[in-house]
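A quick write-up on the structure given underneath.
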Amino acid sequence: MVDNWESLFHEQPDDDDSPSLARSPPQAPLMVCIRLISLRGQGIGEMERRSEITVNGLKHEIDTLWGIPSESQKLIVSGQIVSDYSQICECLGEGETELQVILMVCMEPLLDLVAGSDKRVRLQGIAKLQQFVERGPEGTLYALNVDDPRPLVRREIVGLLERALKRGNARARSLLYTCLEHLEDDVRICAIKALAKCRDHGASDLITALLQQASARVYEETLIVLPMLMEPGNAEVIDIVMNLLQHPDENVRCEATRTLPELTSRGDRHIIDHGLTLMDDTSAGARSLAWQVLTKVMVTRDPELWDLIANAVQDADDSVRAEAWHALKCLAQSDEACCR
């Protein structure tokens, strides 16, 4: 492994004056077995190439085989980054036919292209990033993260992961799950939307944890797509969303009211009992929202519903009474027995 490897991320000149690793004078061409490992010590693969191939040529071979853009590669031999103009034979000792090379991947050059103003260049950068997401070896994916300070770059990376997940890429799913725990709200929201578009239910535990402590903006955006991320009838999630009916942010409360009926089916006793508890609340706003939920999940001809209506139309609060009369009108229009 390389000591103080962080220093290797800094650009080094790739001209004729840059130091190359020359252990011995150039030798006659021969076939060399090149073993690639990641910066973290994971094996990437092997290839046999003629010893006169340049480091730059080797980078393009790696790009072709494993989808790692050549401009994002640094090749390290014996603890030093080798110049693009060096030949592999210069890195070999006398009589050696095997060479271990550490491949360091740094995405900054590509991310700079993605953040640029030239549309053609941006599209080229995005295409190369997509190639890396879909084909890059497991040991190099650490280089693709959403910690870039530019919001545009972060959105593009999450968008790439979404497109890869739609094609069944398991690594993209894993990276999106990681994004749900990111510190930036915009990253988490983009990841949530991406998983929802793919109808991915595998992150239910992470989504549940997110709903227990998040900003109002994250709550709102998550509630909008929650039915696409959760299997119906998840009692833990229903409890969390019911509690959000009392959230201080009005938009969060409204989205919770809209979402709850989509998380269950009519007659779900768990959500009905929770709603009835809120109907005893001293807050008129909580009673009004609970009423809206209950009328959508209770069975139409349930006597308990009619008892609830009888109490609600006499509620001390105007908004609760209005909601009750509106619900009664809707029920009467949909059920002849209710009308009578």
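All of 105, 55 fail the test of being touching a Cys at 6+ places or on another chain (Cβ under 9 Å) and either within 18 Å of residue 153 (Cα to Cα) or modelled with pLDDT of 90 or more (or both), apart from 55. Scan the range 140-163 for residues that are assigned to a helix (DSSP H, G or I) and within 11 Å of residue 68 (Cβ to Cβ) and the total you get is 3. Please determine whether any residue of the range 49-66 is under 22 Å from residue 108 (Cα atoms) and assigned to a loop (DSSP other than H, G, I, E, B). Taking every residue of the range 49-66 in turn, none turns out to be under 22 Å from residue 108 (Cα atoms) and assigned to a loop (DSSP other than H, G, I, E, B).
Yes/no per residue for (1) out of contact with any Phe, Trp or Tyr (no Cβ under 7 Å at 6 or more places or on another chain); (2) among the acidic types (Asp, Glu); (3) touching a residue at least 12 places away in the same chain (Cβ under 8 Å):
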site	(1), (2), (3)
63	yes, yes, no
70	yes, no, yes
83	yes, no, yes
94	yes, yes, yes
113	yes, no, yes
116	yes, no, no
126	yes, no, yes
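In the set 90, 96, only one residue is at negative phi, at pLDDT below 90 and surrounded by 14 or more Cβ atoms within 10 Å (Cβ to Cβ); that residue is 96. Considering the range 296-318, and only residues there that are of a type in the set (S, T, N, Q) and modelled with pLDDT of 75 or more, the residue that is surrounded by the fewest Cβ atoms within 10 Å (Cβ to Cβ) turns out to be 314. Residues considered: 84, 112. Of these, the only one that is part of a loop (DSSP other than H, G, I, E, B), touching a helix residue (DSSP H, G or I) at 6+ places or on another chain (Cβ under 9 Å), within 18 Å of residue 70 (Cα to Cα) and at pLDDT 90 or above is 84.
The values are calculated or read from the model by the stated rules, or taken from the named source; none is laboratory data. As the structure is a prediction and not an experimental result, all values here were calculated from the model. For neighbour counting, all protein chains shown are included, and Cβ atoms are generated from backbone atoms with ideal geometry for every residue, glycine included.
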